Amino acid sequence: MNIKPIQSKLRVNVLGTEQVAEIRAATLHVLEMVGVHFPSERALRIFTEHGADVDSEKQIVRLSPNLVLEAMSHAPRIYTLSGRAEGTDLTLDGTSSYFSTDGCGTETIDMETGEYRGSCKADVAMMAHVADYLSSVSYYWPIVSAQDYGRVAPLHELDDSFNNTVKHIQSATVIGEKLAHYSLRMAEVIAGSKENLRIRPPLSSLVCTIAPLGQDKNGIEGAMVFAEAGVPVGFMAMPNIGSTSPATMGGALVVGNAEVVSAMVLMQLVAPGAPVFHSLLASVMDPRSGDYIASMSEKYLCNAAAVQLAHDCGVPSLGGAFSVDCPEPASWQLGRDSVYTSLLTPLTGADMVEGLGLLRAATLLLPEQIIYDDEIYHTHRNLAEGIDTTPDKLALDVIGAVGPGGHFLGQKHTRRTIRDIWLPKLTHPDQTMDDQPSPDIRRRARATFERILAQHQPEPLPKDLQVELQSIMKTAESE
């Protein structure tokens, strides 16, 4: 399987060691003195059983530092996300940054008509097909919602994801106990058994918290189901600076970190050793209008800082990239903002990074956008991997053989190593035989996308497994 994660030789920390400690202390203070809203009777009961300070009437949970640290000591730092083919396992150990598509958009620019419409299951399948081919995509988020299937849309998103890519699937839409149980049954079909699901999970889950300092009832109850099954589950805080968090980056990090940590603590109380991950993606309130702004330096810094907070908790991180405010492809704004989001997070050592393929703050799918993002990704992969100074790359013998005034083109070393240079095909397309100018960049991106759809064939899911998935979805629909 052609997966090329970013294995960065460079490291950037936007927070100093003392700053990480200050945010950790502030987070523990908020968890103990302010608390987090947990609108779930089961969650409140579990916290009470483990000695937390629980206000059942207000559904506020306060956690002592000792309880937090003891619970989090059981969370694994390293584990593996699996696909259904050789070469698709992703080990979250800090050595690689694995990128995914974004999700879960609600609108699509139709490939045939160019018109805006609600997204559907066929869009999920189409983008999984292309993501299966692209080496920039290590795992797949169902990129848009299957709005043609109502309340069971998340299961249909999984169905077309499992059917169109062999890569690991991570869902951000499976919310609530019932959907969680059905999705686990689907994942067991792919894994082969409950035991294999626990050892090599082909599915993981992401649940968003509710800013400020709250959890979603269905989200947290579904997350407990995943934790008990040994399926990795992560929590994403999305504080908006100035509205759902203080109007400072430090305050946003404290609020978001408290939300995520409190949820991870619950998972460890439910199932000690459950694989969890941490995510925090900030945004900014426009002080003139109250609008949501994603393309801001504060967001980029908070996204990068959140990776350090995750590792301070001793768990893998999910960073955010791409999916900025821009509603158009191939624009100056998109080029500017994608640089910061998709380069900073791997440089800080994010284990996972979501974001390829969507526009307009992760709400709009323009199918060929993922081709632009793929090219940006590989540019940053080369930057992050740095300069190789091993003997073969220093090439002293070749330099000696050519000498002053010579030329390196005729050397075997050149013919061998020149092939390792990655060429950005959108900005530097192959020359045409008739020397005619290449089509404009958007047409080239569309042509690449269509060629992948036509020529790449994902490894099909065996027929008997397809039938089992269909049966599970029919049962869910009837219920």
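The values are calculated or read from the model by the stated rules, or taken from the named source; none is laboratory data. The shown structure was predicted, so the numbers you read here are calculated from the model rather than taken from an experiment. Positions of Cβ are backbone-derived with ideal geometry, glycine not excepted, and every protein chain shown enters the neighbour counts.
Can you work out which of the residues in the stretch 34-62 that are basic (Lys, Arg) and under 18 Å from residue 222 (Cβ atoms) is surrounded by the fewest Cβ atoms within 10 Å (Cβ to Cβ)?
Within the stretch 34-62, the subset basic (Lys, Arg) is 42, 45, 58, 62.
Of the ones still in play, those that are also under 18 Å from residue 222 (Cβ atoms) are 42, 45.
Working: 42: 15, 45: 12.
The selected residue is 45.
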- request: Of the numbered conditions (1) assigned to a loop (DSSP other than H, G, I, E, B); (2) surrounded by 24 or more Cβ atoms within 10 Å (Cβ to Cβ); (3) not hydroxyl-bearing (Ser, Thr, Tyr), residue 310 fails exactly one; give the number of that condition.
  value: (1)
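Could you please give the count of residues in the stretch 163-183 that are crowded, with 24+ Cβ neighbours inside 10 Å, touching a helix residue (DSSP H, G or I) at 6+ places or on another chain (Cβ under 9 Å) and either not in a strand (DSSP E or B) or not β-branched (Val, Ile, Thr) (or both)?
Here is the first cut: in the stretch 163-183, the residues crowded, with 24+ Cβ neighbours inside 10 Å are 165, 167-171, 174, 180, 183.
Going one step further and asking which of them are touching a helix residue (DSSP H, G or I) at 6+ places or on another chain (Cβ under 9 Å), we end up with 165, 167, 169, 171, 174, 180, 183.
Filter once more, so that each one left must be either not in a strand (DSSP E or B) or not β-branched (Val, Ile, Thr) (or both): 165, 167, 171, 174, 180, 183.
Matching residues across the stretch 163-183 total 6.
With the condition kept exactly as written, say whether any residue in the stretch 243-250 is closer than 19 Å to residue 316 by Cα, surrounded by fewer than 24 Cβ atoms within 10 Å (Cβ to Cβ) and of a type in the set (A, V, I, L, M, F, W, C). Please lay out each step first, then the result.
Just the residues of the stretch 243-250 that are closer than 19 Å to residue 316 by Cα, to begin with: none.
Within the stretch 243-250, none of the residues are closer than 19 Å to residue 316 by Cα, surrounded by fewer than 24 Cβ atoms within 10 Å (Cβ to Cβ) and of a type in the set (A, V, I, L, M, F, W, C).
Among the candidates 114, 87, 94, 105, which residue alone is more than 30 Å from residue 266 (Cβ to Cβ) and touching a residue at least 60 places away in the same chain (Cβ under 8 Å)? Spell out the reasoning first.
Working: 114 fails: touching a residue at least 60 places away in the same chain (Cβ under 8 Å); 94 fails: more than 30 Å from residue 266 (Cβ to Cβ); 105 fails: more than 30 Å from residue 266 (Cβ to Cβ).
Only one candidate qualifies: 87.
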query: Got a number for residues in the stretch 246-261 being small (Gly, Ala, Ser), more than 21 Å from the chain's Cα centre (by Cα) and in a helix (DSSP H, G or I)?
result: 2
query: Counting only residues that are touching a residue at least 60 places away in the same chain (Cβ under 8 Å) and touching a Lys or Arg at 6+ places or on another chain (Cβ under 7 Å), which one in the stretch 317-341 is surrounded by the fewest Cβ atoms within 10 Å (Cβ to Cβ)?
result: 330
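May I ask you to verify whether residue 447 is touching a Pro at 6+ places or on another chain (Cβ under 9 Å), free of Cβ contacts under 8 Å to residues at least 12 places away in the same chain and surrounded by 11 or more Cβ atoms within 10 Å (Cβ to Cβ)? Reasoning before the result, please.
On the way: touching a Pro at 6+ places or on another chain (Cβ under 9 Å): yes; free of Cβ contacts under 8 Å to residues at least 12 places away in the same chain: yes; surrounded by 11 or more Cβ atoms within 10 Å (Cβ to Cβ): yes.
So residue 447 passes the test.
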query: With (1) over 25 Å from residue 141 (Cβ atoms); (2) surrounded by fewer than 17 Cβ atoms within 10 Å (Cβ to Cβ) as the list, and residue 411 as the residue in question, which single condition is left unmet?
result: (2)
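Give the number of residues within the stretch 450-463 that are without any contact (Cβ under 8 Å) to a residue 40 or more places away in the chain and closer than 29 Å to residue 192 by Cα. I'd like the intermediate steps shown before the answer.
First, pick out the residues of the stretch 450-463 that are without any contact (Cβ under 8 Å) to a residue 40 or more places away in the chain: 450-451, 454-455, 457, 462-463.
Okay, now just the ones that are also closer than 29 Å to residue 192 by Cα, so 457, 462-463.
Looking only at that region, the number is 3.
Of all the residues that make up the stretch 143-158, how many are in a helix (DSSP H, G or I) and either buried (at least 24 other Cβ atoms within 10 Å of the Cβ) or touching a residue at least 12 places away in the same chain (Cβ under 8 Å) (or both)? Can you show your working first?
The initial filter retains those residues of the stretch 143-158 that are in a helix (DSSP H, G or I), namely 147-158.
Pick out the ones that are also either buried (at least 24 other Cβ atoms within 10 Å of the Cβ) or touching a residue at least 12 places away in the same chain (Cβ under 8 Å) (or both) and you get 147-149, 152-158.
Count: 10.
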message: Checking the condition modelled with pLDDT of 95 or more, surrounded by 14 or more Cβ atoms within 10 Å (Cβ to Cβ), among the β-branched types (Val, Ile, Thr) and outside any loop (DSSP other than H, G, I, E, B), which residue from 80, 88 passes?
response: 80
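I'd like to verify a number: residues in the stretch 462-479 that are acidic (Asp, Glu), assigned to a helix (DSSP H, G or I) and touching a helix residue (DSSP H, G or I) at 6+ places or on another chain (Cβ under 8 Å), how many? Write out each step before concluding.
Initially, the stretch 462-479 is screened for residues acidic (Asp, Glu), giving 464, 468, 477, 479.
Next cut, assigned to a helix (DSSP H, G or I) only: 464, 468, 477.
Remaining after also requiring touching a helix residue (DSSP H, G or I) at 6+ places or on another chain (Cβ under 8 Å): 468, 477.
Summing the residues that are acidic (Asp, Glu), assigned to a helix (DSSP H, G or I) and touching a helix residue (DSSP H, G or I) at 6+ places or on another chain (Cβ under 8 Å) in the stretch 462-479 gives 2.
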query: How many of the residues making up the stretch 383-398 are part of a helix (DSSP H, G or I) and surrounded by 14 or more Cβ atoms within 10 Å (Cβ to Cβ)?
result: 4
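Pick from the stretch 119-141 the residues that are part of a helix (DSSP H, G or I) and among the β-branched types (Val, Ile, Thr): which of them is nearest to residue 89 (Cα to Cα)?
Applying the first criterion (part of a helix (DSSP H, G or I)) to the stretch 119-141 yields 121-133.
Next cut, among the β-branched types (Val, Ile, Thr) only: 124, 130.
Values: 124: 22, 130: 19 Å.
So, considering only residues that are part of a helix (DSSP H, G or I) and among the β-branched types (Val, Ile, Thr), the one nearest to residue 89 (Cα to Cα) is 130.
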message: Condition first: under 30 Å from residue 314 (Cβ atoms) and outside any helix (DSSP H, G or I). Now tell me which residues in the stretch 334-365 satisfy that.
response: 348, 349, 350, 351, 352, 353, 354, 355, 356, 362
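Got a sec? Which of 73, 64, 56 is in contact (Cβ under 8 Å) with a residue 40 or more places away in the chain, over 26 Å from residue 158 (Cα atoms) and over 22 Å from the mean Cα position of the chain (by Cα)?
Working: 64 fails: in contact (Cβ under 8 Å) with a residue 40 or more places away in the chain; 56 fails: in contact (Cβ under 8 Å) with a residue 40 or more places away in the chain.
Answer to the selection: 73.
What are the residues in the stretch 113-155 that are aromatic (Phe, Trp, Tyr) and within 19 Å of the chain's Cα centre (by Cα), if any?
Kept after step one, since they are aromatic (Phe, Trp, Tyr), are these residues of the stretch 113-155: 116, 133, 139-141, 149.
Correct list: 133, 139, 140, 141.
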Residue in the stretch 365-380 that is more than 24 Å from residue 309 (Cα to Cα), in contact (Cβ under 8 Å) with a residue 24 or more places away in the chain, touching an Asp or Glu at 6+ places or on another chain (Cβ under 7 Å) and not basic (Lys, Arg) present: yes
query: Any chance the stretch 129-137 includes a residue that's more than 16 Å from residue 102 (Cβ to Cβ), in contact with a Leu (Cβ under 8 Å, 6 or more places away or on another chain), surrounded by 22 or more Cβ atoms within 10 Å (Cβ to Cβ) and of a type in the set (Gly, Ala, Ser)?
result: no
- prompt: Here are 213, 203, 253, 197: which of them is touching a residue at least 40 places away in the same chain (Cβ under 8 Å) and surrounded by fewer than 24 Cβ atoms within 10 Å (Cβ to Cβ)?
  reply: 213
query: Restricting attention to the stretch 24-67, which residues are in a loop (DSSP other than H, G, I, E, B) and either out of contact with any helix residue (DSSP H, G or I) (no Cβ under 7 Å at 6 or more places or on another chain) or farther than 23 Å from residue 176 by Cα (or both)?
result: 34, 35, 50, 51, 52, 57, 58, 63, 64
